[in-house]
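What follows is a single structure, written as structure tokens, with notes after it.
Throughout, read-outs are computed from the coordinates displayed, never taken from laboratory work. Nothing here was measured: the structure is a model prediction, and the numbers come from that model. With ideal geometry, Cβ positions are generated from the backbone for all residues, glycine too; neighbour counts draw on all protein chains shown.
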Amino acid sequence: METYGCQMNVADSEVVASIMEHDGFQITKTREEADVILVNTCSVRENAETRVRGRVQGFSELKKKNPKLLVGVIGCMAERLGEKLFEQEKNVNIVVGPDAYMDLPMLVEKAKKGEKAINIELSLTETYKDICPSRIDETSISGFVSIMRGCNNFCTYCIVPYTRGRERSRNPESILKEVRDLSDKGYKEVTLLGQNVNSFVYKNSESQVSFPELLELVAQEVPNMRIRFATSHPKDMSDDTLHVIAKYSNICNFIHLPVQSGSDSVLKDMRRKYTQEWYKDRITAIRKIIPGCGISSDIFCGFHNENEEDFQETIELMKWARFDLAYMFKYSERPGTFAYKNLKDNVPENVKSKRLDEMIHLQNQISLENNQNDIGEVFEVLIEGISKRSEHDVYGRTSQNKVIVFPKGNFEIGDFANVKVNSCTKATLVGESV
Ligand code: SAH
Ligand code: SF4
Ligand code: F3S
């Protein structure tokens with residue numbers, strides 16, 4: 001299994017691994033040992049697809065050595081390109097979309113016989129609720145659980161609603177079971193996943209469970225585990241959710257709240273369904289209800305008609321919001337989206353690059369200053385691993401999702417430690433246990 005793209009794909013790869021293991025397959029450590037290579041792919045920007053194509057083309061050598069080797073492209077690129085993948089990439093034998101993984105064993109059998117093996121049907125109901133994901137990285141202490149699939153928002157630039165299909169929420173019972181399973185296996189942290197978790201709602205004849213209610217159920221179910229979630233959409237980010245975070249000490253004080261742009265006219269063209277003012281109100285509510293909460297965002301520049309004034313509004317918003325971390329991109333036009341058909345990709349590439357540089361420069365400065373403000377403070381840290389720089393140091397995360405490095409002492413991976421911050425860079429805090 002090789003995984004590209006977002007956390008949903010990481011979670012899906014574990015579902016796929018479980019489905020394949022039930023059929024007698026095993027995960028291999030190296031690609032040379034594999035009979036089947038499944039590449040779980042992303043279509044969100046063009047460069048995400050280019051990377052996967054390069055990877056798949058690189059399998060030619062392996063296929064020469066092992067003519068029986070089968071290569072499957074699964075996930076969002078499979079969904080977007082379907083049959084075309086067989087024509088465009090000669091190494092591809094199997095193509096499977098995100099809702100058709102139950103069919104994988106059958107499709108592998110088909111491919112073995114040299115037949116075309118493809119299923120890219122999207123489903124209105126599939127949530128893989130009865131699959132217990134097999135945890136690929138067994139040393140890990142932090143796991144993902146999908147609580148919903150798909151997206152109904154149709155932001156005009158975004159391919160996800162086309163590759164992932166309609167939004168559907170998973171049965172809370174099966175979510176709780178999976179979280180408990182992680183806890184039983186010794187996991188210390190769980191991240192609940194969906195493209196827009198705030199719109200989670202599970203209904204049956206007797207009752208209805210909303211996102212804040214689910215969050216509360218999870219917090220009570222595994223009181224010794226840390227709980228995170230992603231991604232929140234600003235239009236649906238409710239005070240109810242913020243109050244649940246504030247109420248439970250095991251729910252991390254961290255929110256990823258993608259803003260995309262600071263300009264109302266660009267936000268309107270993006271069909272984000274909020275204004276700059278609304279977004280600021282949500283940030284203000286977070287800071288009021290959860291003091292000290294870590295906040296990160298996604299922002300991209302160069303969308304249709306974005307002029308210098310629009311862009312400066314994004315810069316001003318970044319200065320106002322002071323995100324701890326931001327993922328920043330240039331607009332990449334995606335075939336099939338509303339913007340592709342109706343909103344011309346009319347900001348020149350060199351302007352996009354210049355704007356991206358300006359955003360990155362500013363955010364680096366803000367991240368550094370935010371980290372400097374933590375110096376002298378003490379945070380509870382979940383230890384995730386041994387530092388890559390020194391075997392005498394460990395690294396972990398604060399509740400606010402900041403990475404911190406400190407001397408190992410007698411700590412083990414998976415322990416919680418209270419750590420005082422002594423210094424920092426823009427990306428990392430450095431401290432000592434107290
Ligand atoms: N569901 C999440 C985002 C999923 S995609 C949300 O609504 O926030 C992750 C990020 O990729 C988005 O937040 C956006 O910043 C970026 N993105 C999506 N489509 C893009 C495109 N066509 N070009 C550039 N960036 C894009
Ligand atoms: Fe894409 Fe918008 Fe859905 Fe996020 S909310 S996945 S950006 S359509
Ligand atoms: Fe990419 Fe699909 Fe995730 S397009 S961002 S892998 S939902």
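Below is a table of values for the structure above.
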quantity	calculated
Among 391-404, 341-354, the order from most to least packed when residues are scored by Cβ within 10 Å on average	391-404, 341-354
Net dipole in debye of region 378-433 [+1 Lys, Arg Cβ; -1 Asp, Glu Cβ; about Cα centre; nearest 20]	300 debye
Unpartnered cysteines - no second Cys beta carbon under 4.7 Å - across the chain	Cys6, Cys42, Cys76, Cys132, Cys151, Cys252, Cys293, Cys301, Cys424
Filter on Lys29/Lys129; Lys129/Lys188; Lys110/Lys203; Lys341/Lys426 - keep pairs with C-alpha separation over 32 Å	Lys110/Lys203; Lys341/Lys426
For region 142-372, the Rg and Dmax computed from alpha carbons only, in angstrom	18.5, 56
Mean Cβ count within 10 Å, highest first, over the residues of peptides 260-266, 408-414, 277-283	260-266, 277-283, 408-414
Charge dipole (debye, nearest 20) of the chain; +1 at Cβ of Lys and Arg, -1 at Cβ of Asp and Glu	700 debye
Computed [θ] at 222 nm, deg cm²/dmol, the chain (DSSP H ≥ 4; -39,500 (n - 2.57); rounded to nearest 500)	-11000 deg cm²/dmol
Kirkwood hydrodynamic radius (C-alpha pairs) into Stokes-Einstein, region 283-404, 37 °C and 0.692 mPa s, D in µm²/s	194 µm²/s
FRET efficiency for Lys235 and Asn342, using Cβ-Cβ distance with R0 set to 25 Å, rounded to 0.05	0.70
Cα gyration tensor, region 2-119 - rounded (a/c under 1.5), prolate or oblate	rounded
Too-long pairs where the Cα-Cα distance tops 24 Å, listed order kept, from Lys177/Lys408; Lys247/Lys288; Lys273/Lys402	Lys177/Lys408; Lys273/Lys402
Whole-Å distance, taken between Cα centres, linking region 26-55 and region 72-120	13 Å
log₁₀ of I(q)/I(0) at q = 0.06, 0.11, 0.13, 0.14 Å⁻¹ - the chain, Debye sum with one point per alpha carbon	-0.26, -0.95, -1.32, -1.48
Distance between modelled label sites at Thr284 and Asn171, nm, 7 Å Cα→Cβ extension	4.4 nm
Partners for Lys112 among aspartates and glutamates (Cα-Cα distance below 15 Å; same-chain residues under 8 apart left out)	Asp23, Asp35, Asp103
Beta bridge orientation in the chain: antiparallel %, DSSP, nearest 5	40 percent
Protection proxy ranking, peptides 298-309, 370-381, average beta carbon neighbours within 10 Å, highest first	298-309, 370-381
